[in-house]
Amino acid sequence: MTKITPIILSGGIGSRLWPLSTKNLPKQFLNLPFNSNKTLFEQTLSGLKNKKFEKPIIVCSEGHKFLALESLKSKKNFSAILCEKLPKNTASSVILGVIYSMKVLKSNFSIILPSDHDIKNRNYSSLIPKNIKDLNSHVIYGVKPTSASTNYGYIKAEENGKKVSTVLGFFEKPSQDKASFYFKNNYFWNSGIFLINNKKLINDFKKYQPKIINLCLKLFENLKPDLDFLITDKSIMRKLPEISFDKAILERNDSLKIMKFNQPWRDLGSWNAITNISKNNILLDKNSQIFNNSKNSSVISDKKITILNDVPDVTVVAKRESLLISSKKNVDSIKKILKIKKLESAFNNQNIFYKPWGYYEVILNAKDYLLKKIVIKKDHRLSLQIHKHRSEHWIVVDGVAEITKGNKKQILKKNESTFIPLGMKHCIENIGKKNLEIIEIQIGKILKETDIIRLDDPYKR
């Protein structure tokens, strides 16, 4: 039987969608488009419910491992979560996943899937050729362009009238004139989805990228188990070249095939790509209003009231304490702007922190006090711990909590509270049937995560 393993790439950070997408919560874990009830990552998973596929391998940043695990819901839904210590682009991510696919799952083929694209009617099983066992090359899934866009690279395909044809060339993001020519002729956008012959890919890397394959074999051999994850070795990752899979392998391959991707597809990599979904290129948040000659403008805001007046051709995005105002024309330059040293903290700024038990959100950080919202998943608890520099007030706003204070336990329900004095050992556990939500007020001279002494931790931190 031919084994096919999905490899989901989830290492991107989506900086062009700042301030909605941040280092801590990138776009693949957001509900995009805005009318979706699933994140882009969850939407990707939904297309794999077919017996053709093994359970997926997830390749993600170590900082996003709990986000990925939360999206997967259960250990039964994945083969492995491979966590990269450092970002090195997609070449190393793909080959590491393929090595695991071959050596552990004994798979013949892998289907490489980005986790941040908007695809209608996801059914990845329909992409698999009937004669796959005889497939000796890799397959790129090409999207027939819907416009003469200059934002995508193009692929030229052989015109043979068959379902699968030969790739004749790759073309970087073109000028408008060239894009118009490509649009009118037999050229395709690259969907970022690839069907990989595992053995051939190993040989391709040995031929074109021997350094990467040798280092990734070492990475595989040195994967460190940590809870539900496999963590890569940082010292090995430092030595890896930073290069995309396309440039490292695909553009060097002379036997590459292309198959038309017939499902509606959008790469939601920029604000213009998202706002273009809306009629008249205007996306209105429920709390936003646009007035007077603000045509072709978009507002995405989490503020109570946002008004745009007499400002055409702009994108406005407000999220927590961050605000982006940009012309539509140059909104994509935010990626370069965020690389300026003085502004790096803007993208790295974190309000929400994901943990194995759930997450917490910093609502207010003042000089001597800090206000948090803490969400603890069903059947989870925090570590038994003490603080040397702060006391804490807990107020339950939803769910049922079992509180440990010293040697005593108590049950708290909605609208009930307790006080944890400085130096007292304590713990909170969700014993209800849904997420436990509490408001925590910290008071003290040091209000950092370093002021935690764990006495008993179910997550072995």
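The values are calculated or read from the model by the stated rules, or taken from the named source; none is laboratory data. Note that the coordinates shown come from a computational prediction; the quantities given were computed from them, not determined experimentally. As a convention, Cβ positions derive from the backbone with ideal geometry for all residues, glycine included, and neighbour counts pool all protein chains shown.
Answer yes or no: is there a residue in the range 184-200 that is surrounded by fewer than 16 Cβ atoms within 10 Å (Cβ to Cβ), in a helix (DSSP H, G or I), of a type outside the set (Phe, Trp, Tyr) and in contact (Cβ under 8 Å) with a residue 40 or more places away in the chain. Scanning the range 184-200 turns up at least one residue that is surrounded by fewer than 16 Cβ atoms within 10 Å (Cβ to Cβ), in a helix (DSSP H, G or I), of a type outside the set (Phe, Trp, Tyr) and in contact (Cβ under 8 Å) with a residue 40 or more places away in the chain. Picking from residues in the range 298-326 that are part of a loop (DSSP other than H, G, I, E, B) and at pLDDT 85 or above, the one that is farthest from LEU20 (Cα to Cα) is ASP310. If the condition is being touching a Ser or Thr at 6+ places or on another chain (Cβ under 9 Å) and either at positive phi or surrounded by fewer than 24 Cβ atoms within 10 Å (Cβ to Cβ) (or both), then the range 57-70 contributes SER61, GLU62, LEU67.
For ILE411, the requirement of being at pLDDT 95 or above, surrounded by fewer than 13 Cβ atoms within 10 Å (Cβ to Cβ), out of contact with any Pro (no Cβ under 7 Å at 6 or more places or on another chain) and not aromatic (Phe, Trp, Tyr) is met. Taking GLU251, is it free of Cβ contacts under 8 Å to residues at least 12 places away in the same chain, out of contact with any helix residue (DSSP H, G or I) (no Cβ under 6 Å at 6 or more places or on another chain) and outside the structural domain of VAL314 (by TED's automatic domain parsing)? When the stated conditions are applied, GLU251 does not pass them. Listed by first and then second residue, the pairs linking a residue in the range 360-374 that is assigned by TED's automatic domain parsing to the domain that holds HIS393 and more than 13 Å from GLY444 (Cβ to Cβ) to a residue that is at pLDDT 90 or above and among the small types (Gly, Ala, Ser), with Cβ atoms under 8 Å apart and 6 or more places separating them unless they lie on different chains, are ILE374/GLY358.
Yes/no matrix, rows are residues, columns are (1) surrounded by 22 or more Cβ atoms within 10 Å (Cβ to Cβ); (2) touching a strand residue (DSSP E or B) at 6+ places or on another chain (Cβ under 6 Å); (3) under 12 Å from PRO114 (Cα atoms):
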{"position": "ILE7", "(1), (2), (3)": "yes, yes, yes"}
{"position": "GLY12", "(1), (2), (3)": "no, no, yes"}
{"position": "ASN31", "(1), (2), (3)": "no, no, no"}
{"position": "PHE34", "(1), (2), (3)": "no, no, no"}
{"position": "LEU40", "(1), (2), (3)": "yes, no, yes"}
{"position": "SER46", "(1), (2), (3)": "no, no, no"}
{"position": "ASN77", "(1), (2), (3)": "no, no, no"}
{"position": "ILE81", "(1), (2), (3)": "yes, yes, no"}
{"position": "LEU86", "(1), (2), (3)": "no, no, no"}
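For first residues located in the range 66-84 and over 24 Å from ASN222 (Cα atoms) and not assigned by TED's automatic domain parsing to the domain that holds TYR360, partners that are of a type in the set (Val, Ile, Thr) and surrounded by 20 or more Cβ atoms within 10 Å (Cβ to Cβ) and lie 6+ apart or on another chain with Cβ distances below 7 Å form the pairs SER71/THR39.
One residue alone among GLY161, GLY153 is at pLDDT below 85 and on the phi > 0 side of the Ramachandran plot, and that residue is GLY161.
When SER326, SER391, SER333 are checked against the criterion of being loosely packed, with under 14 Cβ neighbours inside 10 Å, more than 30 Å from SER74 (Cα to Cα) and of a type in the set (Ser, Thr, Tyr), SER333 stands alone in meeting it. Could you list all residues from the range 106-125 that are at pLDDT 80 or above, out of contact with any Gly (no Cβ under 9 Å at 6 or more places or on another chain) and more than 13 Å from ILE58 (Cα to Cα)? Those that are at pLDDT 80 or above, out of contact with any Gly (no Cβ under 9 Å at 6 or more places or on another chain) and more than 13 Å from ILE58 (Cα to Cα): LYS106, SER107, ASN108, PHE109, ASP118.
Among the residues of the range 46-65, is any modelled with pLDDT of 85 or more, assigned to a helix (DSSP H, G or I), touching an Asp or Glu at 6+ places or on another chain (Cβ under 7 Å) and hydroxyl-bearing (Ser, Thr, Tyr)? No, because not a single residue in the range 46-65 is modelled with pLDDT of 85 or more, assigned to a helix (DSSP H, G or I), touching an Asp or Glu at 6+ places or on another chain (Cβ under 7 Å) and hydroxyl-bearing (Ser, Thr, Tyr).
Rundown of residues vs (1) farther than 21 Å from ASP457 by Cα; (2) surrounded by fewer than 15 Cβ atoms within 10 Å (Cβ to Cβ); (3) of a type in the set (Gly, Ala, Ser); (4) over 29 Å from the mean Cα position of the chain (by Cα), yes/no style:
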| residue | (1), (2), (3), (4) |
| --- | --- |
| TYR354 | no, no, no, no |
| TRP357 | no, no, no, no |
| LEU364 | yes, yes, no, no |
| VAL375 | no, no, no, no |
| LEU384 | no, no, no, yes |
| ILE403 | no, no, no, yes |
| PHE419 | yes, yes, no, yes |
| GLU429 | no, no, no, no |
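Here is a yes/no grid of residues against (1) of a type in the set (D, E, K, R); (2) farther than 29 Å from SER74 by Cβ; (3) in a loop (DSSP other than H, G, I, E, B):
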| residue | (1), (2), (3) |
| --- | --- |
| LYS409 | yes, yes, no |
| CYS427 | no, no, no |
| ILE438 | no, no, no |
| ASP451 | yes, yes, yes |
